[in-house]
1. Scan segment 84-103 and give yes if some residue there is away from the ligand (no atom under 12 Å from the Cβ), surrounded by 20 or more Cβ atoms within 10 Å (Cβ to Cβ) and over 12 Å from the mean Cα position of the chain (by Cα), otherwise no.
2. What pairs can you find where one residue is in segment 135-162 and free of Cβ contacts under 8 Å to residues at least 40 places away in the same chain, the other is of a type outside the set (Ser, Thr, Tyr) and in a loop (DSSP other than H, G, I, E, B), and their Cβ atoms are less than 6 Å apart, with a gap of 6+ or different chains?
3. I want to confirm something. Restricting to segment 49-58 and keeping residues that are touching a residue at least 24 places away in the same chain (Cβ under 8 Å) and not aromatic (Phe, Trp, Tyr), which single residue is nearest to Asn34 (Cα to Cα)?
4. What number of residues within segment 53-87 satisfy the criterion of being assigned to a helix (DSSP H, G or I) and among the hydrophobic types (A, V, I, L, M, F, W, C)?
5. Phe115 - would you say it is more than 10 Å from the ligand (Cβ to nearest atom), in a strand (DSSP E or B) and either surrounded by 14 or more Cβ atoms within 10 Å (Cβ to Cβ) or within 18 Å of the chain's Cα centre (by Cα) (or both)?
6. Can you tell which of Ala15, Ala54, Ala67, Ala7 is small (Gly, Ala, Ser) and modelled with pLDDT under 95?
7. All but one of (1) among the small types (Gly, Ala, Ser); (2) closer than 16 Å to Thr8 by Cβ; (3) more than 17 Å from the chain's Cα centre (by Cα) hold for Gly144, so report the exception by its number.
8. Pick out the one residue from Lys114, Lys62, Lys104 that is within 20 Å of Ala164 (Cβ to Cβ) and out of contact with any strand residue (DSSP E or B) (no Cβ under 6 Å at 6 or more places or on another chain).
Amino acid sequence: MKKICFATNNDSKIAEIKLLLQNKIEIVSLKEINCIEDIPEIGTNIEENSFLKAQYVSKKYKIPCFADDSGLIIDALKGEPGVNSSHYSGTRNDEDNINKVLNKLTNIDNRKAKFKTVITWYENESFKQFVGEINGTISLKKIGNGGFGYDSIFIPENFDKTFAEMTTIEKNIISHRAIAIHKLMNFLNN
Ligand code: ITT
C-alpha cells in the first residue's frame, strides 16, 4: 500500500481522516517522517495555506502528501475568522477564539456561517485541490464536549445540535472535511 503523508499537526484532524479513509490508504504523520519544524502558513487565503503546507512537506521529504487548511466563515463578520481561524484571538487557543467569535456576535441576529476545508494533494511537483463546505449557524453559547476547534459553536444546517454534540462518525457523514476527502479519494482511485 502506498504511503502518504498527511501534513498536519492537529491530532483531531488525523483521527477524523483515519476514520474516513478506513485503512484504504496508509497515512503517515509529520512526526513519523521527522518533520517537527513549523510549516510556514503565510498565504492570504485558505487555498494558499493548504497548498503551502502540502508543497513544503512533499518537496522537502520527497513523499506524496496532502494537507488540509480549514476555516470558519461567518456572514455577519464579513467572512471572519476565515484564513485567520487558528489564531483569531491572537492566540492559538480554541476557548479564546470561540469567545472572540461569540463576543463579536453579541446582539447580532444573522448567525449564518460555513466551514470550509481545502485539501491539497501534492506529488512529484504537481498538485490538485479539493474543496468541502458545510453551511450552518453559530450557536448563542458553547454546547457539547466532542470535536475540536469551533465545533462547540457550529450547528450544521438541518440539525439542531452542534458538531461538538455529535460523534466523530456522525460529523464525518456531513462535514466539510469529509466532503473534501471523498473528492480526494475519487481522484486517487481514478
Ligand atoms: P494544521 O494547520 O496543522 O493542519 P490547524 O489546527 O492549525 O492544524 P487549520 O489551520 O486548518 O488547522 O484550522 C484553522 C482553525 O479552524 C483551527 O482553530 C482549527 O481548530 C479550526 N478547525 C479546523 N477544522 C475544524 C473543524 O472540523 N471543526 C472545528 N474547528 C475546526
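1. Here is the first cut: in segment 84-103, the residues away from the ligand (no atom under 12 Å from the Cβ) are 90, 99, 102-103.
Narrowing the set further to residues that are surrounded by 20 or more Cβ atoms within 10 Å (Cβ to Cβ) leaves none.
Checked segment 84-103: no residue is away from the ligand (no atom under 12 Å from the Cβ), surrounded by 20 or more Cβ atoms within 10 Å (Cβ to Cβ) and over 12 Å from the mean Cα position of the chain (by Cα).
2. Hits for this filter: Asn135/Glu157; Gly136/Glu157; Thr137/Arg111; Thr162/Ile143; Thr162/Gly144.
3. Here is the first cut: in segment 49-58, the ones touching a residue at least 24 places away in the same chain (Cβ under 8 Å) are 49-51, 53-58.
Adding the requirement that they be not aromatic (Phe, Trp, Tyr) leaves 49-50, 53-55, 57-58.
Values: Asn49: 21, Ser50: 20, Lys53: 15, Ala54: 15, Gln55: 16, Val57: 11, Ser58: 13 Å.
Checked segment 49-58; the qualifying residue nearest to Asn34 (Cα to Cα) is Val57.
4. The first filter runs over segment 53-87 and keeps only residues assigned to a helix (DSSP H, G or I), leaving 53-61, 75-77, 82-87.
Those left that are additionally among the hydrophobic types (A, V, I, L, M, F, W, C): 54, 57, 76-77, 83.
Residues meeting the conditions: 5.
5. Working: more than 10 Å from the ligand (Cβ to nearest atom): no; in a strand (DSSP E or B): yes; either surrounded by 14 or more Cβ atoms within 10 Å (Cβ to Cβ) or within 18 Å of the chain's Cα centre (by Cα) (or both): yes.
In short, no.
6. Among Ala15, Ala54, Ala67, Ala7, only Ala15 is small (Gly, Ala, Ser) and modelled with pLDDT under 95.
7. Only one criterion in (1) among the small types (Gly, Ala, Ser); (2) closer than 16 Å to Thr8 by Cβ; (3) more than 17 Å from the chain's Cα centre (by Cα) is unmet by Gly144, namely (2).
8. Working: Lys114 fails: out of contact with any strand residue (DSSP E or B) (no Cβ under 6 Å at 6 or more places or on another chain); Lys62 fails: within 20 Å of Ala164 (Cβ to Cβ).
One residue alone meets the criteria, Lys104.
The values are calculated or read from the model by the stated rules, or taken from the named source; none is laboratory data. Note that the structure is predicted; figures quoted are calculated from it, not measured. So basically every Cβ, Gly included, is an ideal-geometry build from the backbone, and we count neighbours across all protein chains shown.
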